[in-house]
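The values are calculated or read from the model by the stated rules, or taken from the named source; none is laboratory data. All of these numbers come straight from a predicted model, not from anything done at the bench. Using ideal geometry, Cβ is built from the backbone for each residue, glycine included, and neighbour counts are taken over all protein chains shown. Calculation scope for accessible area: heavy atoms of the full protein, side chains included, ligands and nucleic acids excluded. Shrake-Rupley method; radii C 1.70, N 1.55, O 1.52, S 1.80 Å.
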Amino acid sequence: MTAYELQKDIAEEVEGILKCMLLKDIEGNLVHMKAFPQRLPKRLQNVRTTDTDNDDAEISDEAVMSDDGGVAEEIYGDDPYPYCVVKVNSGELDPVQGVQEIQTLLIFGIYDNDAECQGHHTILNMIHKVSERFTKNPYLKEKYRLNFDAGITWLVDDEDQYPYYFGAMEMTWDTFFAGLEGGRYA
């Protein structure tokens, strides 16, 4: 099992664990959490075309050629709240034991413009739901096992960034590349 496969499987699992929670996006709509591997994608919000015949036209580093010979400049919007970014931080391979340990970091970001400023409760609830899932059953898709020796660590961002709230949790996974029968633990 590769680190990339683990990353994709964790992202899918987190979306499933948190599907019961409806959270606000930046327009105030209630939506489900979306998980992304490694980083948030840039979202194309608007495209402005510049005529390349105009000598005064300023072209940015993010500009690309459009079909009509002009320059289409990509203008990106806000990050897609609510989100979970599943990062693969590091790994350690023990070829003698046939085990690879992969350290992952889940970063949660939500938008909550409620005047009570209690978005951290939602972050804590998400961390609890994910932690509970993997402590009750440490296996993910019968291919990976949560490393209980490393435990689960988490934190909530204490900075006032209203209406945005953030939290993170770190987990280490054991992936076995030897001794598997049919892709499952023996």
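Return the pairs, sorted by first residue and then second, in which the second residue is of a type in the set (Lys, Arg) and not in a loop (DSSP other than H, G, I, E, B), the first residue lies in the stretch 108-128 and is at negative phi, the beta carbons are less than 8 Å apart, and the residues are 6+ apart or on different chains.
So the pair list comes out as Ile110/Lys24; Tyr111/Lys24; Asp112/Lys24; Asn113/Lys24.
Considering only residues that are in contact with a helix residue (DSSP H, G or I) (Cβ under 9 Å, 6 or more places away or on another chain) and farther than 15 Å from Val14 by Cα, look in the stretch 132-151 and name the one that is modelled with the highest pLDDT.
Only one residue fits best here, namely Phe148.
Every residue in the stretch 115-147 that is open to solvent by 60 Å² or more (accessible area, probe 1.4 Å) and of a type in the set (D, E, K, R), please.
Glu116, Glu132, Lys136, Lys141, Glu142, Arg145
Take the stretch 161-174 and flag every residue that is over 18 Å from Gln100 (Cβ atoms), assigned to a strand (DSSP E or B) and open to solvent by less than 60 Å² (accessible area, probe 1.4 Å).
Across the stretch 161-174, the qualifying residues are Tyr165, Phe166, Gly167, Ala168, Met169.
Which of the following residues is modelled with pLDDT of 90 or more and small (Gly, Ala, Ser): Ala35, Ala72, Ala57, Ala63?
Ala35
Are there any pairs with C-beta distances below 6 angstrom linking a residue in the stretch 142-160 that is part of a loop (DSSP other than H, G, I, E, B) to a residue that is not hydrophobic (A, V, I, L, M, F, W, C), with the two at least 6 apart or on different chains, and if so which?
Pairs found: Glu142/Arg184; Asn147/Thr172; Asn147/Asp174; Ala150/Thr172.
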